[in-house]
1. Mind putting a number on the dipole of the chain about its Cα centre? Charges go on the C-beta only, +1 for Lys and Arg and -1 for Asp and Glu, and I need it in Debye to the nearest 20.
2. How far is helix 555-565 tilted, in degrees, relative to the longest principal axis of the Cα atoms in the chain, given as a value from 0 to 90 rounded to the nearest 10?
3. Hey, which lysines would be in cross-link range of Lys68, C-alpha to C-alpha under 19 Å, not counting anything within fewer than 8 residues on its own chain?
4. State whether the range 385-451 is rounded, prolate or oblate according to the following rule on the C-alpha gyration tensor (a ≥ b ≥ c being the square roots of its eigenvalues): a/c under 1.5 gives rounded; otherwise a/b larger than b/c gives prolate, and the remaining case gives oblate.
5. How much of the DSSP bridge set in the chain is antiparallel, in percent, rounded to the nearest 5?
6. What is the range 17-133's relative contact order, in percent, from Cα pairs under 8 angstrom and six or more apart in sequence?
7. Shape verdict for the chain, please, from the Cα gyration tensor: rounded (a/c under 1.5), prolate (a/b greater than b/c) or oblate.
8. What number, in percent, do you get for the relative contact order of the chain if the mean sequence gap of Cα pairs under 8 Å and at least 6 apart is divided by its residue count?
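Where a number appears in this text, it was derived from the coordinates with a stated rule and is not lab data. Worth saying up front: this structure is predicted, and the values here are computed from it rather than measured. Quick reminder, even Gly has a Cβ in these numbers, built from the backbone with ideal geometry, and neighbours come from all protein chains shown.
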Amino acid sequence: MGHYPFEWQERALCSEDFIHFQKLFSSTILQLIPFAYGPVTFLASEEGSGVNRNALKKPKYWLQYSGKVLKRQRALLASEKPVLFLPVWSNETVIGVAAIEGVDNQFTDTLSEEWLSDRSRIISREFFLLKQLAYEPVTGMLNDRHLLETLDSALSEFQKGNAANNRGTRCGPTLGKISLLLLEIHPRANNSEKALNYIVRAGYYLESCLGHDVLHHLGNGIFGLIGQNMDEEHSQNLGKNILSWLRREGFSRVHIGINTVKGSGEELSNGQILVPDAVTVLGQTWDAVRKARRRSPFALCTYSSISSPRTHPLRKFRPAVMARLRRMWSECDRFALLLISQDRELNERVFPRRILALLEHQAETVIINKNEIFVFIANAGVSRALSWSRQFRKKLPKDLGTTYSVGIAYFPCIDFSKSDIPHNARKALLHSGFYGPDTVTVFDGVSLNVSGDIYYGEGDIVRAVKEYKKGLALEPTNTNLLNSLGEAFAQMNKTKKARSFFEAIIQSDPKHYMALFNLGITYLTTGEYEQAITYFEKTLAVSKYAAKANQKNDLLLQLGKLYCRTGRYKKAVRLLEKERDADEAKSMTPGRNALLRYLGEAYMGSGSNKKAITILQHAIRYSPHDAYAMSMLGELYARENQGDDIALSLCQQAVNIDDRPWKHWYRLGWIRYRMAQYELALDALKECLQRDRKIPDAVYLAGQAYEKLDAKVQAAAMFQTALRIAPEHRAAASALKRIKRIKDKELNNAAATIK
């Protein structure tokens, strides 16, 4: 009943290939047409294609010539300038035009139509072969070679942009926002086929979540994604979303490494920025994956956090700074430490001399760097430190060109040692950043929530938990800290522990949106659907259909899914139709394509088969490998008499993509029974019952298949089993009586023959 777990089919050329293989296709053309120097621009045959934006900045005659090429299906040389317009073929169809500039004039008169036609076919065949080499056979996705070529091309453009900026020929920022994400979704499986199926399922699910972003499979469950113009914060948010999606879908371990090339690398002697090559960037990202692997089952890590500890927001202070502070507090049992920081960098090498002079008369100081300084006040608490800060800021000259923010820490403070206090001052200063420049902030539980969130954002969940716990020691009832700690434990797969923190919030604040939502997620994770529904409905009542908050957290999507799983299909339709309207008002965001699958299931369950077909067809267009949508659509095609062969193909594809759900096997068995393929139907139904032995309809259908094969004993056994599972199953009871009557007749006939 299985299929060979590799994708061997040939992939025809299409207009999207002009985007995915632009550099490779261009170099191929220039190799096969040696009298042209380029550049090469590709134009698709379809109107509105993203590729055709390339022609917007070109002369108008380009569109005229490309139109003629598409109509006549032969190459043309422009008379205005030496530009060759060459058709690109996919079998016998022209899918686009390659506009080749820089054609040498001395060759233009010698180019025959026959030679150009032959060259067009050869180039198109090369394109086809290059495309086949760019895909790997397990998932059918683009492979590591294509990822390296794409990354190399992006980094080359970045290097050119830096050079142009250096020469003053480009305005604005450099092209310095290239992020590479590597995802390790390594399966736990006891044989290679299960491992491959796990990888394929992960790849297809990621593909549906990411939408139009191009996903690569590098082998062995390692996926790669290149984000053009994606900064580190954006890539971290994407990484967190991916972890949430995969965790909710039942994957056991996911690790993500993120590497953002910012254009702040080593500067060469000519003033240009040294940009690492593709292989180096890939290796650095893999180092981040290794680090994430050591953190928790679901974790991410940025390369910058492990490669540049000196620029980390929570970086350690230099040993010399700490040594001077230790001498100051060695005889003190009580003190305050103020970290003063310039809100904008000045040209002077250190703090302005006037500020230093002002500080030296008032308190002991330790210079940290050119923008920061410590102020030590012996035998002082919070009130005295705040008073000192106010007086200091009043005395600041008005012509400094910057303001100053202050983070205040103090000793004693719960169980913190003296050596912890400078770091607490740093956390207070980071906390002050939420209030804007020129602010003073005292270290408290929120400061530890801020520092914990920094570690959490980097995927260092263990450190984040330590920060949140310290924060709760300072402020035991702080709901933000309780929620943060609960989310951290949930990320570590410690669901029951996480739940206790969310429940503590609800006790003091029954309408806390995030605590209610997170409680629903914990119950969803453990398969306790009724409790999950209860908390999601409470969350919805609190949010009052706040579209922004609900979409961010996928509240309505999760609730709609649970309504379908528990048979509340009409509720699911009402809920998900509102959500679909909200999505269609703009554009469907990545990760929300599953909404259409659940809406289709809801319409199917409520008996609106034609609406369900339309929705599920839309779902498959968004996500071509959605096994759930395929399986349901296959059943609906059969029920609506739209072609049993198509229905069988869809149900078989669903099983090939994801063979875990019993429903996929049941639908395959049902359609095979409908097509009178009784033995094959039994094979599928046995697979279904291996996954769940208590499905009465599957047992009953197996009995019907046995009866058709004249195996009445086995059929009777199946009908009896169906009745044990569901005593109210009328069809099984009727079938069992029928078989018994047949058997009684056979015995009577046999007895009459003997007489």
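1. I would put it at about 2320 debye.
2. So the helix axis and the longest Cα principal axis differ by about 30 degrees.
3. In chain and number order, the partners are Lys58, Lys60, Lys81.
4. The shape class here is prolate.
5. Of the beta bridges lying entirely in the chain, close to 85 percent run antiparallel.
6. 27
7. oblate
8. After rounding, I find 7 percent.
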